[in-house]
Structure formats: structure tokens, C-alpha cells
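Quick one: the structure is below, and I'll ask about it shortly.
The values are calculated or read from the model by the stated rules, or taken from the named source; none is laboratory data. Since the model is a prediction, treat every value here as computed from it, not as a measurement. Neighbour counts run over all protein chains shown; Cβ positions are idealised from the backbone, glycine included. For the accessible areas, the whole protein counts, side chains as well, though only heavy atoms, and no ligand, DNA or RNA atoms are used. Shrake-Rupley method; radii C 1.70, N 1.55, O 1.52, S 1.80 Å.
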Protein chains: 2
Amino acid sequence: MTAGATQARGTARAGAARAGAARAGGGRRRASHSLEAVIGEAVALLDEAGEPALTFRALAARLGGGVASIYWYVANKDELLDRATDHVLAGVLVDTEGFTGSPDPIDDLRAIAVSLFGTIVERPWLAAYFMRDTATQPNGLLLYERMGQQVLRLGLTPRQSFHAVSAVLGFVIGIAADLGQQPPQEVLDGKVTRDDFLARYAAEWRALDPAAYPFLHVVVDEFADHDDADQFRAGLDLLLAGLRLQAQNPD
Amino acid sequence: MTAGATQARGTARAGAARAGAARAGGGRRRASHSLEAVIGEAVALLDEAGEPALTFRALAARLGGGVASIYWYVANKDELLDRATDHVLAGVLVDTEGFTGSPDPIDDLRAIAVSLFGTIVERPWLAAYFMRDTATQPNGLLLYERMGQQVLRLGLTPRQSFHAVSAVLGFVIGIAADLGQQPPQEVLDGKVTRDDFLARYAAEWRALDPAAYPFLHVVVDEFADHDDADQFRAGLDLLLAGLRLQAQNPD
DNA sequence: CTATGTTATCGAACGTCGTTCGAGAATCGA
DNA sequence: TCGATTCTCGAACGACGTTCGATAACATAG
């Protein structure tokens, strides 16, 4: 370690991922990890118990090894989260592979956005760490590019295209982050249903002065039994309608 | 403290905020705080050095007191951040007070959204903690209501109105969170300008294969000298154009 | 002025977290 | 067989959020 490049961390030379605990024959001495196992377990931990559950100690316990071992694969927690994000995004890329050839580019754009939304909304931790470099992680850049290619087909100016993709991507992240934010009891404990949870808020809204909060009283019934996916799709359609309008009437 | 209600924390009975260090005459013995001072210094700390700078110890040092004193005003760090968020939102409410009487409701909605965006984008910490109950904190609810009242004037159905306001609010938060995310050097050290920062990313984009990343190569010039506010306004106009279309052509 | 109860401050400690360090086990190439 | 590399891990460090109990400052009643 004198002057060479930085340590080639985590590049398991043997190729295949090794996630086993120890040798088959001898008594188990040391655990054996792999970058894939580390990231995979990190994602599982985040999915199961949320962001604060991902600690190096919990992850090490899950891997059956020591805490410091993880630092051979990732430099710090930021990189761990970056790689976890990228790992999930890879799944979105696979899911949206076919959404590129419709006659209507906006249909493709919508399909990609809906798929991305579905992935984020069931992973509240992802929203917060997604925007910490939308297009720095390789798969994030690929997703950005894939959405952009649909917009290119609309024949807008480069500036309009740039704004359009940023708008759609920001919208997806913003709504998903907002919606994937609810329950301390419901999902984790399962004692309170989602309807009860919404009903409790709706009751608070109804208790407010109708003269001071006319809008809340108009929409409280909609709020009480709204569906997250419907809400997202309705907003996305507004945005895409504006985009289609721009494509039809160039300034 | 036998059976009464919970302790009435932080309600400084004397009314006026006391932020002084100690008595005027005698040697200083103890610091004297107030809820306003605690929240104000917390916001200042967040604004100056970002989210990780807000620690109870740093805040206590800034207030010239002990760490445990802060716990008399807030129950935990979550409440501290909730109150800090609400404190900033109060400023937005003041700024948008006049944006309610235009002939075109969409103009009002746009003005409120732009004002909120401006506030969030210069406070990256706010985006992450804003969505942790968009409408639970009192001022957040008021802002939601104010935007909703403009939408009401469009004469949409309750469901459409509900979706429209959620879409605009989510869009603002999503874009602001995405954009307020950049520099470890620029703002903090001041060594690298924003243009240099963008140019570095642009160079990376240009180094990619044009056949695999056609969209990135089309928009890289726009990206290299884009303005955050312009980008936001362009996306918002797309969304509002879609909303206007819906108001004109009811389904 | 003294006594008493409430309001508010704070030093010290606890447990957990991310991170570092160095020893040493496992593996590979020659 | 042996040296170099790759990888694991126990132990420690400092910083963090939070709690507890002692006690100072203040308001009021007698």
C-alpha cells in the first residue's frame, strides 16, 4: 500500500457471491461475506423496519459477522445507503425495460413514472436518500436517461426537455416521499388499520372552523378514503397533460 | 406532580421572551432561555451548517446553557425539528398573505408555490422534515388550506381539488428537496463556484457514450448553466397548465 | 421577612451509534 | 513452502440523544 490506486474494496475476485457462514467441514471460525450480501441484507433491514433500523451492528448480526467487516465493502454509511438505493433502482430499471416503444411517448413516460412511484412508496427510506444525487449513482442516471428518451420523442427544445424530465422525476419523488410517511402503529404493529388512521385525521379536520378552513371541509371526505396510487396518478396526469399541451403548441 | 395533566412545558408565563444570560448586577449563575430562543437558535444552526449541525450540545452552547435545559422546552429531537419546521412555515404564511385575491386563482396558486419553493430551496434540511406530516403542524395545515382555497375557485369536483392541491404541494417539496442538495464545498467552503460544480458533472455526462445516453447529450448544455428557480417554475407551469385544462374541460 | 411550592437550569451519567485500528486468519500465486 | 494479498473481527474512541436528581430562581402566602 505505497503509491498504488485505492484499495479495490469488495470486488470479490472469485466472481460468485459467497454468503455462507464458514467452511463445510471444519468447525466454523469466521464468517464470509460479499458485497452483494451486504447490500442485500441492508435493503432487507431497511424494508422490514425502516431507516433507523439500519445500523452497522444490526447489519453485522444479520450477516453473522463482526461490525468492522462491513467497512471492507463500504467506506461509510453514506456509501452503504447509496449502494442500497442503487440496488433498488436496478429493479426499477428491469421493471421498466419494456416501457419504451409505445406510439405515444407520454404513455411510456407515465408507465415509467408509475413504476418508480410504486417502488418508492413502499420504501419510505428510499425517498429521503434518493434525492441525495438523483443522477450520481449509475442506475439513477440510467433511469433519468430512460425517461429523457421518451421526452425526446416529443420534439421539444433541449431546454423544455430538460425541464420536463426534471419535473416528472421531482414530482414522483415528492409525492412518494409525502405519501410513504404515515404509521407508527399501523404497518409496524398492525393494530390500527389505515382507514382508522385516516379517519382520526379526518375527525380533526372536521372539528376545525368551517369558515376558516373551507377547503379542508370540502375535501375531507375525499381524504378519508383516498387511495395513494390514485392520488399520485391524478397529479401525474395533470403534469403530463401540461406537457402534451406544450408539445402540441410550441412557443 | 401527582395526578394533574402533563407538565406545561415551555409556556413562559412572563410572556416576553427572555434570552439574556444572567442577572445584570450579580455574578452570572444560570442561563435563562425561552421557547422562542430555543427554536430560533435551532433554525439558525440548521441554516448555517445544515442538518447534522443541530445537536443538543451545539444548541446548548449557543444558548449559553446546559444540554438538559433544552428538554424542558421540547420532549425530544423530533419535536425540536417539528417546531423548527413550523417556525419557518410561519414566515411563508406571512409572505403569502397577499396572494389570494387575483382574478386568476392559478396565478395565486403559482405565487404561493413559488414562495414556498424559495423558502425550502435555501433550507435543504427543511425538505426532509417537511413531509414528515405535511398537514399535522398547524402552519403546515394553514398553508395547505390557503393553497386549497385558490383551487376551490376553479370549480372542480372535491376529488379533483384534493388531487390538485396534493400534486402542487408534492411537486414543490420534491423539486425543492432535489435541488437543495448540492455542495460540500461551494456553500460551506466557498472555494468552488456553482458553475464549476455543474461543469464537473457536465463533463462526466459528456464523457458517456452518446449512443447509450442520447438524452443526456441533448440536455447537458442546459444542465451546465441552468437556474434552479427557472427549472422549478417551468415544471410548475406544466402542472398548472394541466390543471387549467382540467378546469376548462370538466370530465 | 420567612416559609413553601412551582418553575427552570444543569452536571453527570447511560447506552447506542458510526468509525478506526491493529492483530491475525484464510487464500492465492510462484 | 512461503510471502503477499485478501478479508475478518474484538476492542476501543468520541459524539450523539436522552434521563435523573440536585438545586437555583422565582412567585406567592402568611
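Being more than 7 Å from chain A (Cβ to nearest Cβ) and open to solvent by 20 Å² or more (accessible area, probe 1.4 Å), is that true of even one residue in the stretch B:161-177?
No - not one qualifying residue is present in the stretch B:161-177.
Quick one: A:LEU46 ticks every box in (1) within 12 Å of the chain's Cα centre (by Cα); (2) modelled with pLDDT under 95; (3) within 14 Å of DNA strand C (Cβ to nearest atom) bar one, so which box is it?
Result: A:LEU46 passes all but (2).
Examine the stretch B:131-138 for a residue that is open to solvent by 10 Å² or more (accessible area, probe 1.4 Å), at the interface with another protein chain (Cβ under 7 Å from one of its Cβ atoms), at pLDDT 95 or above and more than 22 Å from B:ALA53 (Cβ to Cβ), and state whether such a residue exists.
No, because not a single residue in the stretch B:131-138 is open to solvent by 10 Å² or more (accessible area, probe 1.4 Å), at the interface with another protein chain (Cβ under 7 Å from one of its Cβ atoms), at pLDDT 95 or above and more than 22 Å from B:ALA53 (Cβ to Cβ).
Please work out if B:PHE197 is of a type outside the set (Ser, Thr, Tyr) and modelled with pLDDT of 90 or more.
For B:PHE197, the condition - of a type outside the set (Ser, Thr, Tyr) and modelled with pLDDT of 90 or more - is not met.
Give just the number: which of (1) open to solvent by 30 Å² or more (accessible area, probe 1.4 Å); (2) over 22 Å from A:PHE171 (Cβ atoms) does B:LEU154 not satisfy?
All conditions pass for B:LEU154, except number (2).
Right, here's the next one. Answer with yes or no whether A:ASP86 is open to solvent by less than 30 Å² (accessible area, probe 1.4 Å), more than 12 Å from DNA strand C (Cβ to nearest atom), of a type in the set (Asp, Glu) and away from every other protein chain (no Cβ under 14 Å).
yes
Next question, about the same structure. Would you pick out the residues in the stretch B:140-151 that are open to solvent by 30 Å² or more (accessible area, probe 1.4 Å) and more than 7 Å from every other protein chain (Cβ to nearest Cβ)? Spell out the reasoning first.
Just the residues of the stretch B:140-151 that are open to solvent by 30 Å² or more (accessible area, probe 1.4 Å), to begin with: B:142, B:146, B:149.
B:LEU142, B:ARG146, listed by residue number.
Of A:VAL114, A:VAL94, which residue is open to solvent by 10 Å² or more (accessible area, probe 1.4 Å), modelled with pLDDT of 95 or more and farther than 16 Å from A:ALA176 by Cβ?
A:VAL94
Also, I was wondering about something else. State all residues of the stretch B:50-70 that are open to solvent by 70 Å² or more (accessible area, probe 1.4 Å) and more than 23 Å from B:ASN139 (Cα to Cα); if no residue qualifies, say none.
Hits for the stretch B:50-70 are B:PRO52, B:ARG57, B:ALA61, B:ARG62, B:ALA68.
Any idea which of B:LEU243, B:LEU198 is touching a residue at least 60 places away in the same chain (Cβ under 8 Å) and more than 13 Å from A:HIS163 (Cβ to Cβ)?
On inspection, the qualifying residue turns out to be B:LEU243.
Six or more apart or on different chains, Cβ atoms under 7 Å: show the pairs whose first residue is in the stretch A:55-68 and in a helix (DSSP H, G or I) and whose second is within 9 Å of DNA strand D (Cβ to nearest atom) and of a type in the set (Ser, Thr, Tyr).
Close Cβ pairs satisfying both conditions: A:ALA60/A:SER69.
Which of the residues spanning the stretch A:201-236 are farther than 27 Å from B:THR100 by Cβ and either touching a residue at least 40 places away in the same chain (Cβ under 8 Å) or not in a helix (DSSP H, G or I) (or both)? So that I can check it myself, show each step before the final result.
First, the residues of the stretch A:201-236 that are farther than 27 Å from B:THR100 by Cβ: A:203, A:225, A:227-230, A:232-233, A:236.
Across the stretch A:201-236, the qualifying residues are A:ASP225, A:ASP227, A:ASP228, A:ALA229, A:PHE232, A:ARG233, A:LEU236.
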